[in-house]
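The values are calculated or read from the model by the stated rules, or taken from the named source; none is laboratory data. Remember, it's a predicted structure, so these values are computed and weren't measured experimentally. When we count neighbours, we look across all protein chains shown, and the Cβ atoms used for this are built from the backbone with ideal geometry, even at glycine.
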Amino acid sequence: MPVTAHRVIASAVKQLRDDRGWSAQRLGQELKAIGLSWDRSIVANFENGRRAYVTVEELLALAVVLGVTPADLLAPSGVADDTPYQVTSEVVASAEGMRDWLGGGFLSMPQNPAELAEAIRKLPRERGQELNRRWFTPERMHQMNRAALEYDRDLPERSMSDLIAAAAGVSSDPAAVIREMVGALPEEGLRALQAELAAQQKGGPDDETPQ
């Protein structure tokens with residue numbers, strides 16, 4: 001069963017409070033000192049689930065007095081990466097995805113360049129470029145290049161846009177997909193693609209050095 005944000009935060013708050021040797025009353029006092037009107041009963045009700053919500057302002061105040069970041073309360077390291085996390089009533093991610101999302105990454109990893117282009121479309125340019133660099137790993141580039149070359153052997157008259165779109169599993173309007181993708185594609189990714197294509201075209205994709 002997926003964990004909820006409230007239960008994750010409440011559990012993290014209790015753990016951090018216990019680690020410091022603070023009572024619920026002490027935590028309430030620390031919060032009051034920075035302007036949040038919590039007392040022992042509110043702390044206790046929040047931790048045991050009777051108060052099943054926390055506002056953004058309360059989350060920030062809890063992070064301040066406990067000496068952690070809001071992300072540490074929303075997705076603490078003690079929650080296993082593969083734990084299902086209920087983001088909304090209709091959206092469930094992994095705890096690992098939640099941590100990545102809170103750190104500026106993806107809640108769910110795009111499965112192909114078309115999904116990547118859509119995910120970064122409205123992001124600030126620098127963050128979009130960083131996410132591109134993270135997504136285009138050497139392993140993923142190699143897989144895409146191999147798929148494109150195999151497609152090229154079967155259909156030599158196709159354009160490069162068609163080849164890459166086919167490698168990504170995209171069937172509709174591949175040129176538009178490529179325009180979106182290349183707009184923020186890291187330079188090293190383009191160089192790697194060009195180098196491998198050149199090498200394959202020179203020696204043949206299945207050439208092997210005799211042993």
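Tabulated results
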item	result
Of all residues making up segment 1-10, the number that are of a type outside the set (Lys, Arg) and in a helix (DSSP H, G or I)	5
Filter result (free of Cβ contacts under 8 Å to residues at least 40 places away in the same chain and over 28 Å from GLN86 (Cα atoms)) within segment 1-27	GLY21, TRP22, SER23, GLN25, ARG26
Evaluation of TRP135 against (1) modelled with pLDDT of 65 or more; (2) surrounded by fewer than 18 Cβ atoms within 10 Å (Cβ to Cβ) (one fails), failing number	(2)
Helices (runs of 4 or more DSSP H) (entirely within segment 23-132) containing at least 3 residues that are among the basic types (Lys, Arg) and surrounded by fewer than 18 Cβ atoms within 10 Å (Cβ to Cβ)	none
Where GLU96 falls short, out of the listed (1) more than 17 Å from the chain's Cα centre (by Cα); (2) of a type in the set (D, E, K, R); (3) under 25 Å from ARG134 (Cβ atoms)	(1)
Subset tally (residues that are closer than 22 Å to GLU58 by Cβ and β-branched (Val, Ile, Thr)) for segment 71-91	3
Tally, over segment 11-22, of residues that are part of a helix (DSSP H, G or I) and either farther than 19 Å from ALA71 by Cα or of a type outside the set (Ser, Thr, Tyr) (or both)	8
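To keep it simple, each residue is scored yes or no on (1) modelled with pLDDT of 95 or more; (2) out of contact with any Gly (no Cβ under 8 Å at 6 or more places or on another chain); (3) closer than 24 Å to PRO2 by Cα.
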residue: GLN25; (1), (2), (3): yes, yes, no
residue: TRP38; (1), (2), (3): yes, no, no
residue: ILE42; (1), (2), (3): yes, no, no
residue: THR55; (1), (2), (3): yes, yes, yes
residue: GLU58; (1), (2), (3): yes, yes, yes
residue: ALA63; (1), (2), (3): yes, yes, yes
residue: ASP72; (1), (2), (3): yes, yes, yes
residue: GLY78; (1), (2), (3): no, yes, yes
residue: THR83; (1), (2), (3): yes, yes, yes
